[in-house]
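The values are calculated or read from the model by the stated rules, or taken from the named source; none is laboratory data. The shown structure was predicted, so the numbers you read here are calculated from the model rather than taken from an experiment. In this analysis, Cβ positions are derived from the backbone assuming ideal geometry, glycine residues included, and neighbour counts consider all displayed protein chains. These accessible areas exclude ligands, DNA and RNA; they are computed on the full protein's heavy atoms, side chains included. Shrake-Rupley method; radii C 1.70, N 1.55, O 1.52, S 1.80 Å.
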Amino acid sequence: MHIDDKVISSIKEKISLSDYIAQYVDLKYVNGQAVGLCPFHDEKTPSFKVDVNDRFFHCFGCHKSGDILDFIQAYHKVSLEKAIKIAAKFGNIEVKNVPISDTIKICRLYNHKNNYADFSHEIIPETELEKYNPTTISSWVSEGIEPITMQKYDIRLDAKHERAIYPVRDINGNLINIKGRTLCDCWKELKIPKYINYFKVGRLDYFQGLCDAMPYIKDNKEIIIFEGIKSCMKANQFGFNNVVSAETSILNQYQVRLLVSLGCNVTIAFDADKTLGDFTNKELKMLTRFCNVYYINDRENLLGGKESKNSPVDLGADVWNELFYKRERVII
Ligand SMILES: [Zn+2]
């Protein structure tokens, strides 16, 4: 079942928690606060309380606490989805099913309670992408990206806005956004954003290209992560298909959770201006506890140094192969 996130917020806003709990627990009001015998542990004096704003319950005996969905899940021993249905029925709230992306579900599994309301990827109809025609970007050809690779990555042209666009897909291949990279060389001077998303952006809880790369990641038991899609395209031409783009140079907690769930080795192949220190954060530290994490360390300046800002695949297959085979273990 897919549930609109708005349903979760209306459940929390509209349903009185104490009204719901009162069906099962004899609640007495003391100074405006509902108090009763805890349904989750045996007790003779009441230590189960609902806060004055009617949002949270807390037991001072067994320390169980949470919101209405936590209560329903714990009391009726049901899943979150079932709890949402039960609550919606109680509050006469319509549960509208909308298709949502599986990456959200993966994150929900890991996500901390009470924090599940702010996801916003929805699956976008393919017709939105089909409005734009497949194209060959000539400036990319001169960078060494072959037209056939652009076809493979479904590069299209938004002529009106002078952007090369490409689909953002979730782990199952559903379209969750369309991303556009400006074709204007002087985007910096003109203060044009280099990349724009055509639809509302949810969390960056995906890797660009993961769906197509998945079989190769499984075969190689390794995922190679670049900063951007053009690097993936070049790596593809060198015969590396287990490649994705992080669309950032700092992995966030959602991306790290996704990587942990893949259970494979991880190689970080960011641009030459990023050293290990630049992308080390607590998320990366966590990742090293679950996976073997490697990174491209250009000790011999094969990419022309930090200032070059070259991606490890920018100077051809030989340089890439050398850098890749000398990749180093991330030890934090
Ligand atoms: Zn209790």
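Got a sec? Charge dipole of the chain, +1 on Cβ for Lys and Arg, -1 for Asp and Glu; which of Cys184, Leu69, Ile165 is way out at the positive end?
The Cα lying farthest towards the positive end belongs to Leu69.
Pick out, from Val50, Phe40, Leu80, the residue whose Cα sits farthest towards the positive end of the charge dipole of segment 5-98, with +1 on the Cβ of Lys and Arg and -1 on the Cβ of Asp and Glu.
Leu80
State the percentage of accessible surface on segment 239-332 attributable to carbon and sulfur atoms; use a 1.4 Å probe and exclude ligands, DNA and RNA. Intermediate values should be presented prior to the final figure.
Working: 1970 of 4340 Å².
Roughly 45 percent, rounded to a whole number.
Taking every pair of Cα atoms in segment 210-329, average 1/r, invert it to obtain the Kirkwood radius, and report Rg/Rh to two decimals. Before the final figure, lay out the partial values.
Working: Rg = 13.1 Å, Rh = 14.2 Å.
Computed over Cα atoms, the ratio is 0.93.
Rounded to two decimals, what ratio of Rg to Rh does segment 216-258 give with C-alpha atoms and a Kirkwood Rh?
0.99
To the nearest 20 Debye, how big is the dipole of the chain about its Cα centre, given +1 on the beta carbon of each Lys and Arg and -1 on that of each Asp and Glu?
700 debye
Bin by bin, in steps of 20 Å, what percent of the Cα pairs in the chain do you find, going until the bin that has the longest distance?
Result, from short to long distances: 27, 45, 23, 5 percent.
Per DSSP H run of at least 4 residues, take -39500 (n - 2.57); add these up for the chain, divide by its residues and hand me the 222 nm value, nearest 500 deg cm²/dmol.
Mean residue ellipticity at 222 nm (helix-derived): -9000 deg cm²/dmol.
In the full protein assembly as shown, how much of Thr280 is accessible to a 1.4 Å probe, in Å² to the nearest 10?
50 Å²
Considering only DSSP beta bridges whose two residues both sit in the chain, what percent are antiparallel, to the nearest 5?
Of those bridges, close to 75 percent are antiparallel.
Just for segment 5-98, what percent of DSSP beta bridges are antiparallel, to the closest 5?
Antiparallel bridges make up about 100 percent of those DSSP assigns within segment 5-98.
Going by the alpha-carbon gyration tensor, a ≥ b ≥ c the square roots of its eigenvalues, is segment 127-197 rounded (a/c under 1.5) or, if a/c is not under 1.5, prolate (a/b greater than b/c) versus oblate?
Values: a/c = 1.85, a/b = 1.25, b/c = 1.48.
Here segment 127-197 falls in the oblate category.
Of the trypsin sites (Lys or Arg not before Pro) in segment 269-332, which ones lie in a loop per DSSP and count no more than 14 other C-beta atoms within 10 Å?
Here the sparse-neighbourhood loop sites are Arg299, Lys309, Lys326.
Please report, to one decimal in angstroms, the Kirkwood hydrodynamic radius of segment 5-98 built from all distinct Cα-Cα pairs.
Its Kirkwood hydrodynamic radius stands at 13.5 Å.
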